[in-house]
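The values are calculated or read from the model by the stated rules, or taken from the named source; none is laboratory data. These numbers were taken from a predicted model, which means no experiment stands behind them. Positions of Cβ are backbone-derived with ideal geometry, glycine not excepted, and every protein chain shown enters the neighbour counts.
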Amino acid sequence: MRDGPWAAAARRLSRNRPALLGAAVLLVLSLLCVLGPSLLGLDAMLTSPELRNRPPSSEHWFGTDAIGRDLFARVLVGGQASLAVGVVATLVSVVVGVSYGMVAGFYGGKLDEVMMRFVDFMYGLPYMFLVILIMLLFSETARGQMLPVFVALGLVQWLTMARIVRGQVLSLRHREFVLAAELLGASDLRILSRHLLPNITGVVIVYATLMVPQVIILESFLSFLGLGVALSWGQLVSDGIAVVNPVRSYWWLLVWPGAFLGLTLLSLNFLGDGLRDALDPKSRE
């Protein structure tokens, strides 16, 4: 008895060691960031001026910052923000991009032409300019919160997803199973949700996995500009770079958040590549 497509994909993924390693590292980092502060009783905002800029020690594993805050606690709490931004903004992009691309590809004609010209217009605008403009639309009190970052990144990242989904739907639009559903009187919504969406899910999952590290990097860049989340890996890296000088370098302020950020991005790319090979084995060829 032959395996179904999802079972076959899972079997191929289970043989991909880099992808499994990436998934394991992501799981450990996520659990550490989400559960670590509460289980270990860490306070990322507690200040101790007498302990300012202390190097890593048995008491403070990652050292302390300029006002005596424990860097280990701040890295874990900052990880919660960075991971949440990456996942939620990607989900927003997936929902908007998949819906937009499916409608354009399914109906085609003038509607498709108008919708895709709008996508081309959005592509022609400077990407970061759009993100910064959306961020600036929020009030001063909302700056530093997660919601503006979710909205800004999610509403700009969907463009490529819409193009990919549109291309997939166009290739499936006139296949026999879609035509049969139309002849049987199935509604457009049923055809989109029950026949087309399941057939493009693999492509969407792969691209969404590879989109998460892009979003995390963009949030880090926004933190450099002072527009990101108040406490995230990007903000911590920015703070670490600010104190690097030729006289005295507090290296731990840059190394630890940078290491967590880099390890997360590397693991996400390994997992994304593994999912691509598992769901579309022809891509390896």
Residue 219 versus (1) under 23 Å from residue 101 (Cα atoms); (2) of a type in the set (D, E, K, R); (3) in contact (Cβ under 8 Å) with a residue 12 or more places away in the chain: which is the lone unmet condition? (1)
For residue 24, state whether it is at pLDDT below 85, surrounded by fewer than 17 Cβ atoms within 10 Å (Cβ to Cβ) and within 26 Å of the chain's Cα centre (by Cα). no
Being under 28 Å from residue 45 (Cβ atoms) and assigned to a helix (DSSP H, G or I) narrows it down to one residue among 101, 97, 105, 79; which is it? 79
Pull out all pairs, ordered by first then second residue, where Cβ-Cβ is under 8 Å, the residues are six or more apart or on different chains, the first lies in the range 88-110 and is farther than 16 Å from residue 156 by Cβ, and the second is assigned to a loop (DSSP other than H, G, I, E, B). 105/173; 106/173; 108/173
Tell me the residue from 130, 76 that is within 23 Å of the chain's Cα centre (by Cα), in contact (Cβ under 8 Å) with a residue 12 or more places away in the chain and surrounded by 20 or more Cβ atoms within 10 Å (Cβ to Cβ), please. 76
Going through the range 118-158 in order, the residues found to be modelled with pLDDT of 80 or more and more than 18 Å from residue 85 (Cα to Cα) are 118, 119, 120, 121, 122, 123, 124
Test residue 38 against the criterion of being assigned to a helix (DSSP H, G or I) and without any contact (Cβ under 8 Å) to a residue 60 or more places away in the chain, and give yes or no. yes
Return the residues of the range 10-21 that are assigned to a loop (DSSP other than H, G, I, E, B) and surrounded by 18 or more Cβ atoms within 10 Å (Cβ to Cβ); say none if nothing qualifies. 16
Exception for residue 84 within (1) in contact with a helix residue (DSSP H, G or I) (Cβ under 6 Å, 6 or more places away or on another chain); (2) within 17 Å of residue 230 (Cα to Cα) falls at (1)
Quick one: is residue 171 at pLDDT below 85, of a type in the set (Gly, Ala, Ser) and either over 27 Å from the mean Cα position of the chain (by Cα) or not in a loop (DSSP other than H, G, I, E, B) (or both)? no
For the range 84-104: of the residues being crowded, with 20+ Cβ neighbours inside 10 Å and modelled with pLDDT of 90 or more, which is nearest to the chain's Cα centre (by Cα)? 94
Could you tell me whether residue 162 is in contact with a helix residue (DSSP H, G or I) (Cβ under 9 Å, 6 or more places away or on another chain), at pLDDT below 85 and not hydroxyl-bearing (Ser, Thr, Tyr)? no
On the basis of being part of a helix (DSSP H, G or I) and either touching a Lys or Arg at 6+ places or on another chain (Cβ under 8 Å) or more than 20 Å from residue 80 (Cβ to Cβ) (or both), does residue 29 make the cut? no
Kindly indicate whether any position in the range 231-248 is surrounded by 15 or more Cβ atoms within 10 Å (Cβ to Cβ) and under 21 Å from residue 155 (Cα atoms). yes
